[in-house]
């Protein structure tokens, strides 16, 4: 018991104390969260603004200011149908109904290929396969059910779509595409009894080759229906009742382009004249059906969705949703801010700050608000004043390195600059796109040597036949240049070092073509860049190619093409590459080069910037192979220059998914252990073995040695490895980075639930001994006895109470102050935070009582003066006595 | 007891919950005319049923207990990681009830995601007959959970330090408290020490010196002078 308490005490001391030392009121000073709803594709502008996005996010927004009220992250591709007080989401295999007011789940029902509509009397009609059900919208109780059957058709082929435009409040209309008859059959449903009556059958003209999309049918309030072919190219219409064939006509956009290939959004009846939204790559086209003909009524560049709204008079109108591009794109980078002295920007910013009278007014309003008498407008005024005067939000770099820009590249080609202190948008640049370009990455392009030069980044947009490299001034968001890129590239790899010029360093990238025999292009296509690439040709360049057989290291050949320098055939049948991680440490700040075991025995860390981790094995859900066995999870540490295996381990029962991170001389990987039924974290540390072992005295007297080692003749290594159980399922792994690498790093574990957990490296130390009582050496080194379970402490969550939906990536950059690291967690949302892995040892705490210090100093000064006076008077009095 | 069989037996494994077509396996007995015991036939049939891939799917139901003081209870999500590798998410009803539909037989894992509360991971073993065995996989001894599931939180995470009330002793131990104590000491105690030291020094000096020290009594004070004037 006593030993267990000692072990527990050590564990508790290892948990980062700085993480506990934060009050809830201080959280907004160090972190921020931007929640996104995704690219909105469907919305309902009724009493509540309900949106559904391409990413499957169902959300309710405040109609006044767009504020997020509630949000549910569903499967991508879900559809939305709204009714009175209910938002129904249709997923491929189920239907969920949420309360529009707070997002609470009202009911859920499995349904394959379902469609839903509300009748005018508040019932909900749900079709699934060949059945139709009438439900109570509030609780999902089935009131009536019927089988849908069309004469001459296979029952299993019935995929009815349901619409609310019935003859009266209790009826609904079902449209069924009958493929054998090639006709659109219309049934009328009595929502009270569930009885179905066929009222129409409209044959599709033979000239129309494509089938109709039953989901894209609209019934007008009158007696006419509209239908669109599955490819969105042809619009057909007919009277609702009767058996007259459909009248069909191929449609074109407002600029006379055919609609073929364009994505057609769900036709939404909107009064007597439904708007037909058609999504194009450039925007949204709106069509209206009037007087028996379809005509384009609007084209909205950048529009991404349409919704039906009722105006004050109760008339229907179509609203266009513009710009739903979420800030969760494929790339992100953190770069420096503009130097405050340049161009008088800081002086202009200071001049724009509120004056003395405004400050006085804001302070009075603040006092009034604190007393509980402030209005909402006054609170907003105070917030605006605080925002305008907050030093953290200055758009210039600071000496501590806390203020930086975060450049986020969205999928639709927008580059957005965010302030690292609170995430507010500094500038936005919509990049030019011609044709179907895919925006991939944002990379460094030009870094000035001085504080006054221009910092540039490059955005790579790739297409099948070619792409573009957009060079952007990071300070202003100005597009500086657009360079052509060749097509057919697998990736772009940076050269090991940038090209040094007179006033800046230019980064050079080498294209990795899909065709191994094709020459590798160099970006930029300049003589200096080509010379730098040729100079690096002798090296492996650290370019890795991953394929079905494993990993290959590429180098630049004499003919300008990339050639394989080494191969690691680690994968094969039943075994795939589950994760590849490369060193996240900066070469110029690798951290301490030695570690004292037990406080006395100093070992050199094996600091290899090309250290690469490769995990191979069976992915999740993989069954046994032909021999009835499942391959174990195997982890290799390779030298990325030579491909030499430095260390490897095997975990029986280990499965994917695997997340991994490599930093300094250690690596960590997270995997699922099917044998234990638990998540596990493995960790390995590498040290140099042999005669390079030194003592503390030698280090103190001789100083740090030259630790450069040739890659092709590596030293003998000592490896220490261990694995631990954890309760947290990881979606991403990262590691904190600081300016000089001397602050103890922490493992960042991004969970599938959207949180980021900071795990002290000492808890992951593979040398934690399996003993009951810690030895003096262990105590000196801070090593806790081994425990298979990693602790879970609330204060160690970097995200605190926030949650990053679909967390996928962690980006940690150092601040100028050694104690601090800046975190960016990316997913559907963005989360930024300032972390202090080993507490803020080089900072004055934010709650430092400056006023008290001044009072104490003034008090002591006054007291000293008074004492001097009293002393003098007393001396005189004594002399006179 | 020997029986000659000449039959065709169909084993219908039609799924009860899914829309998948029935799987029909035929066991032809026509060529097996011979001495086959009924028990062997039953065993063969049982083996066939076991070896035939099952497509049955079932519902997993339960209730997650949400403390009344949970402000973000509506953000609760339940994640079912299936043996087949895919993952299904759902939400509980306001009263905590939840259901996963069309869950195939196998070993699955269920987790509750709610920021601020910790729940145990539940290992679910769904049999081919739809029987569900549940146990807490990350708790020592892996206790069994009765079905339908009732999931209770095992802990609450405190993300922030709670503000502490003002503590005089803690303040005195801070640098500011020490400064104040030192200031008071300098103002109040040190002058007394200085006065005592001067007196002590003067006494010692008086004792050690053979030469009488110059006295200031020769100089009359203003009060003495005034008294002398009155006396005159």
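Using the structure shown, decide if residue B:83 is at pLDDT 90 or above and either closer than 27 Å to residue A:726 by Cα or crowded, with 18+ Cβ neighbours inside 10 Å (or both). In short, no. Is it true that residue A:37 is within 14 Å of chain B (Cβ to nearest Cβ), more than 24 Å from residue A:136 (Cα to Cα) and surrounded by 18 or more Cβ atoms within 10 Å (Cβ to Cβ)? No: the conditions fail for residue A:37.
Could you please give the count of residues in region B:61-86 that are farther than 22 Å from residue A:755 by Cα and more than 12 Å from chain A (Cβ to nearest Cβ)? Residues flagged as farther than 22 Å from residue A:755 by Cα and more than 12 Å from chain A (Cβ to nearest Cβ) within region B:61-86 amount to 3.
The set of residues from region A:200-212 being crowded, with 20+ Cβ neighbours inside 10 Å and within 43 Å of the chain's Cα centre (by Cα) comprises just one member, A:212.
The single condition from (1) in contact with a strand residue (DSSP E or B) (Cβ under 8 Å, 6 or more places away or on another chain); (2) surrounded by fewer than 19 Cβ atoms within 10 Å (Cβ to Cβ); (3) touching a residue at least 40 places away in the same chain (Cβ under 8 Å) that residue A:496 fails is (1).
Checking every residue in region A:817-827 against the condition of being within 23 Å of residue A:37 (Cα to Cα), modelled with pLDDT of 90 or more and within 13 Å of chain B (Cβ to nearest Cβ) gives zero matches. Looking only at region A:456-472, residues that are surrounded by fewer than 17 Cβ atoms within 10 Å (Cβ to Cβ) and part of a strand (DSSP E or B) come to 1 in all. Considering each residue of region A:603-611 in turn, none proves to be within 14 Å of another protein chain (Cβ to nearest Cβ), more than 23 Å from residue A:567 (Cα to Cα) and either surrounded by fewer than 21 Cβ atoms within 10 Å (Cβ to Cβ) or in contact (Cβ under 8 Å) with a residue 60 or more places away in the chain (or both). Looking across region A:771-791, the residues that are within 14 Å of another protein chain (Cβ to nearest Cβ) and either without any contact (Cβ under 8 Å) to a residue 40 or more places away in the chain or in contact with a strand residue (DSSP E or B) (Cβ under 7 Å, 6 or more places away or on another chain) (or both) come down to A:788, A:789, A:790. Comparison of A:807, A:828, A:747 shows that the only residue that is within 30 Å of residue A:677 (Cα to Cα) and either free of Cβ contacts under 8 Å to residues at least 60 places away in the same chain or not in a loop (DSSP other than H, G, I, E, B) (or both) is A:747. For region A:838-867, the tally of residues that are within 12 Å of another protein chain (Cβ to nearest Cβ) and surrounded by 11 or more Cβ atoms within 10 Å (Cβ to Cβ) stands at 15.
Evaluation of residue B:223 against the conditions (1) at the interface with another protein chain (Cβ under 10 Å from one of its Cβ atoms); (2) at pLDDT 75 or above; (3) assigned to a helix (DSSP H, G or I); (4) exposed (fewer than 12 other Cβ atoms within 10 Å of the Cβ) shows that the sole unmet condition is (2). Of all residues in region B:120-131, those satisfying the criterion of being touching a strand residue (DSSP E or B) at 6+ places or on another chain (Cβ under 7 Å) and either more than 29 Å from residue B:72 (Cβ to Cβ) or not in a strand (DSSP E or B) (or both) are B:120, B:121, B:125, B:126, B:130. Every listed requirement among (1) within 21 Å of residue A:603 (Cα to Cα); (2) surrounded by fewer than 18 Cβ atoms within 10 Å (Cβ to Cβ) is met by residue A:784 save one, (2).
Kindly provide the set of residues from region B:137-158 that are outside any strand (DSSP E or B) and either within 12 Å of chain A (Cβ to nearest Cβ) or in contact with a helix residue (DSSP H, G or I) (Cβ under 7 Å, 6 or more places away or on another chain) (or both), ordered by number. Residues satisfying the conditions are B:137, B:138, B:139, B:140, B:142, B:157, B:158.
For region A:101-135, the set of residues classified as within 13 Å of chain B (Cβ to nearest Cβ) and under 22 Å from residue B:97 (Cα atoms) consists of A:101, A:102, A:103, A:104, A:105, A:106, A:107, A:108, A:109, A:110, A:111, listed by residue number. Whether any residue in region A:756-770 is away from chain B (no Cβ under 14 Å), without any contact (Cβ under 8 Å) to a residue 24 or more places away in the chain and surrounded by fewer than 21 Cβ atoms within 10 Å (Cβ to Cβ) is what I want to check. Taking every residue of region A:756-770 in turn, at least one turns out to be away from chain B (no Cβ under 14 Å), without any contact (Cβ under 8 Å) to a residue 24 or more places away in the chain and surrounded by fewer than 21 Cβ atoms within 10 Å (Cβ to Cβ).
Yes/no per residue for (1) within 10 Å of chain A (Cβ to nearest Cβ); (2) outside any strand (DSSP E or B); (3) in contact with a strand residue (DSSP E or B) (Cβ under 7 Å, 6 or more places away or on another chain); (4) closer than 25 Å to residue B:158 by Cα:
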site	(1), (2), (3), (4)
B:88	yes, no, yes, no
B:93	yes, yes, yes, no
B:111	yes, no, yes, yes
B:118	yes, no, yes, yes
B:135	yes, no, yes, no
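Taking the numbered list (1) surrounded by fewer than 19 Cβ atoms within 10 Å (Cβ to Cβ); (2) closer than 30 Å to residue A:406 by Cβ; (3) within 14 Å of another protein chain (Cβ to nearest Cβ) in turn, residue A:804 passes all entries but (1).
Yes or no, residue by residue, for (1) in a strand (DSSP E or B); (2) within 14 Å of another protein chain (Cβ to nearest Cβ); (3) under 28 Å from the mean Cα position of the chain (by Cα):
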| site | (1), (2), (3) |
| --- | --- |
| A:631 | no, no, no |
| A:635 | yes, no, yes |
| A:638 | yes, no, no |
| A:649 | yes, no, no |
| A:660 | yes, no, yes |
| A:676 | no, yes, no |
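The values are calculated or read from the model by the stated rules, or taken from the named source; none is laboratory data. What you see is a predicted model; the values in this text were computed from it and never measured. Reconstructed Cβ throughout: ideal geometry from the backbone, glycine too, with neighbour counts over all protein chains shown.
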